[in-house]
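Data first, discussion second: the structure below is written as C-alpha cells.
The values are calculated or read from the model by the stated rules, or taken from the named source; none is laboratory data. Predicted model, so just to flag it, every value in this text is computed and none were measured. Glycine gets a Cβ as well: all are built from the backbone with ideal geometry, and neighbour counts include every protein chain shown.
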Amino acid sequence: MPKLKIVVGTVYGGALDVAEQVSPLFEQAGYEVAIIEQPSASDMVDELSDLVLFCVSTTGSGDFPGDFVPFVRQLKAQSPSLVSLRYGLIALGDSSYGDTFCGSGRALDDILADLGAQRLGERLEIDAMETFMADDAAIPWIEAWIESQGLKV
Ligand SMILES: Cc1cc2nc3c(=O)[nH]c(=O)nc-3n(C[C@H](O)[C@H](O)[C@H](O)COP(=O)(O)O)c2cc1C
C-alpha cells in the first residue's frame, strides 16, 4: 500500500484538525497515512516520501509555528534535493493580518520549489475570516484534489 505523509505545522491545533479530518479520505483512496507533527528534513528524503500533504498555519507576522521552525531551518541548512517529492499544500491564515496572510504556507511553498519539489495543483489558502471551521474548506478541496491529480490507487 502506498504511503502518504501529512506534515503539520500548527499553534492552536486547527491545522492538525485538518490533517486528522482529511486522513480518512486518503485511506479510502488507498493510502496508508502518517500524520507528522514535528517533522525533520529526513522525513522528506526517506524512501516513503514521494507524496506529502502539508497543513501549516501562520503565526506572529507571517511566521512559521514554533514546532515547525526547526524543520524549515534544516531544509535551508541541508538543501536536500526534493526532486522526487510531489506535494499538496493547505495554508491556514487570517486575512485580517493583511500582507502576512498565509505567510508561512507561502514561504514553505517557495522553499519546497527551490529544492526541486513539485506541487500538485494550486495551494489551498483557508482564511479564518471567511471559514470558521477549516475542515469545511479542506475536505471538499482534498476530495477534488485526489480526483483531479489522479491520486486514487
Ligand atoms: C498571534 C497570532 C498571529 C497570527 N498571525 C497571522 C499572520 O501573520 N498571517 C495569517 O495569515 N494569519 C495569522 N494568524 C491566524 C492563524 O494563522 C489562523 O487563526 C489559523 O487558522 C490558526 O491555525 P492553527 O490553529 O493551526 O494554529 C495569527 C493568529 C494569532 C493568534
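Just checking, how many residues over the range 130-153 are surrounded by 12 or more Cβ atoms within 10 Å (Cβ to Cβ) and either in contact with a Pro (Cβ under 6 Å, 6 or more places away or on another chain) or assigned to a loop (DSSP other than H, G, I, E, B) (or both)?
Looking only at that region, the number is 4.
Taking the criterion of being modelled with pLDDT of 95 or more, of a type outside the set (Val, Ile, Thr), surrounded by fewer than 21 Cβ atoms within 10 Å (Cβ to Cβ) and near the ligand (Cβ under 10 Å from one of its atoms), would at least one residue in the range 104-116 satisfy it?
yes
Between a first residue in the range 121-132 that is within 9 Å of the ligand (Cβ to nearest atom) and a second residue that is part of a loop (DSSP other than H, G, I, E, B) and of a type in the set (Val, Ile, Thr), which pairs have beta carbons less than 9 Å apart while being 6 or more apart in sequence or on different chains?
Cβ pairs passing all conditions: none.
Give the number of residues within the range 1-23 that are touching a residue at least 60 places away in the same chain (Cβ under 8 Å) and over 14 Å from the mean Cα position of the chain (by Cα).
So the count comes out to 2.
Which ones in the range 80-99 are surrounded by fewer than 17 Cβ atoms within 10 Å (Cβ to Cβ) and part of a helix (DSSP H, G or I)?
Matches in the range 80-99: Ser95, Ser96, Gly98, Asp99.
Please state which one of Gly66, Gly13 is among the small types (Gly, Ala, Ser) and either in contact with a Cys (Cβ under 9 Å, 6 or more places away or on another chain) or closer than 13 Å to Leu92 by Cβ (or both).
Gly13
What are the residues in the range 29-79 that are β-branched (Val, Ile, Thr) and within 17 Å of Gly103 (Cα to Cα), if any?
Within the range 29-79, Val56, Thr58, Thr59, Val69, Val72 qualify.
Which pairs have Cβ atoms under 9 Å, sit 6 or more apart or on different chains, and link a residue in the range 30-45 that is closer than 19 Å to Gly66 by Cα to one that is buried (at least 16 other Cβ atoms within 10 Å of the Cβ) and at pLDDT below 90?
Close Cβ pairs satisfying both conditions: Ile36/Asp43; Asp43/Ser49.
Run Gly116 past the list (1) on the phi < 0 side of the Ramachandran plot; (2) outside any strand (DSSP E or B) and report the number of the one that doesn't hold.
For Gly116, the exception is condition (1).
What tally of residues in the range 1-19 results from selecting those that are buried (at least 16 other Cβ atoms within 10 Å of the Cβ) and of a type outside the set (Val, Ile, Thr)?
9
Just checking, which of Phe26, Phe54 is of a type in the set (Phe, Trp, Tyr), within 12 Å of the chain's Cα centre (by Cα) and under 25 Å from Val153 (Cα atoms)?
Result: Phe54 is the single residue among Phe26, Phe54 that is of a type in the set (Phe, Trp, Tyr), within 12 Å of the chain's Cα centre (by Cα) and under 25 Å from Val153 (Cα atoms).
Is there any pair with a first residue in the range 93-118 that is farther than 21 Å from Gly13 by Cα and a second that is more than 16 Å from the ligand (Cβ to nearest atom) and not in a helix (DSSP H, G or I) whose Cβ atoms are under 6 Å apart and which are 6 or more apart or on different chains, and what are they?
What qualifies is Leu115/Leu82; Gly116/Ser81; Gly116/Leu82; Gly116/Val83; Ala117/Leu82; Ala117/Leu85; Ala117/Tyr87; Gln118/Arg86.
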